[in-house]
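Each value in this text was obtained by applying a stated rule to the coordinates, not by laboratory testing. Since we're looking at a predicted model, the values are computed, not measured. Note that each Cβ is placed from the backbone with ideal geometry, even for glycine, and that neighbours are counted across all protein chains shown.
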Amino acid sequence: MINKINEMAQETGTTTGRSTFAQRVMEVMADVPRHEFVPDYQNARAYENRPLPIGYGQTISQPYIVALMTDILDVDSDDIVLEIGTGSGYQAAILSELVEKMYTIEIVEELGLAAKKRLARLGYNNVKVKIGDGYYGWEKHAPYDAIIITAATSHIPPPLIQQLKPGGRMIIPVGEHFFVQYLTLVEKDKQGKIRTRNILPVAFVPFTGGH
């Protein structure tokens, strides 16, 4: 899996601007047991570089995409991070090893509760899971140094922009389901001005909620 991530990083480097990922990101990708985050019937495929179904119409993202999004966020060990779309908890587990605190929101109650138990069982004690509509973020713990969204939305949710700390970064797939989506980097400068940049065409499950 790690070799394939490195190969894809080199192949896409001219597009993403990142032909290699930070060593600490790759160490965490090697450390987190992906097989713990997929259904039992998918265990044989757990370390393939591909997304896998986890139930309820959701997926665990391709390892390369997880590594890319993590690398782009460029988090520090004292950062507070928000994730929208917990899924199985895999991306939260990856980031939790790189930051101080990780908050994650899942709208599908069954997935969120299962992820909460899984993360606790595996010892990711700096992750807090909430069941709810991630469109509105988690204002109680804002502002965040970084925000990561793991479902495609037609626009960048304004509440998430508001909850991003000045100087912070957000990574989000933007685009309609069945149409072109782009992994988009959102940066808020120290004065609160927003700048966006498309990184790579992607295919994510759609963002859901009552917005």
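Look at the dipole of the chain built from charges on Cβ: of Q181, A67, I156, the Cα furthest out on the positive end belongs to I156.
Overall form of the range 169-211: oblate. Here a/c, set by the Cα gyration tensor axes a ≥ b ≥ c, is 1.5 or more, and a/b is not larger than b/c. Per residue, the convex hull around the alpha carbon atoms of the chain comes to 112 Å³. Note on K101/T15: beta-carbon distance plugged into 1/(1 + (r/R0)^6) with R0 of 30 Å gives a FRET efficiency of 0.40. The chymotrypsin sites (Phe, Trp or Tyr not before Pro) of the range 117-211 that meet both conditions, a loop assignment by DSSP and at most 14 other Cβ atoms within 10 Å of the site Cβ, are F178, F179. Per-residue Cβ neighbour counts within 10 Å put H141, H35 in the sequence H35, H141, beginning with the fewest. The helix-based estimate of mean residue ellipticity at 222 nm for the chain, built from -39,500 (n - 2.57) per DSSP H run of four or more residues and divided by its residue count, is -8500 deg cm²/dmol to the nearest 500.
If you count Lys pairs in the range 43-193 whose Cα atoms are under 19 Å apart, skipping same-chain pairs closer than 8 places in sequence, the total is 17. Averaging Cα coordinates gives a centre for the range 21-54 and one for the range 159-203; these two points are 25 Å apart.
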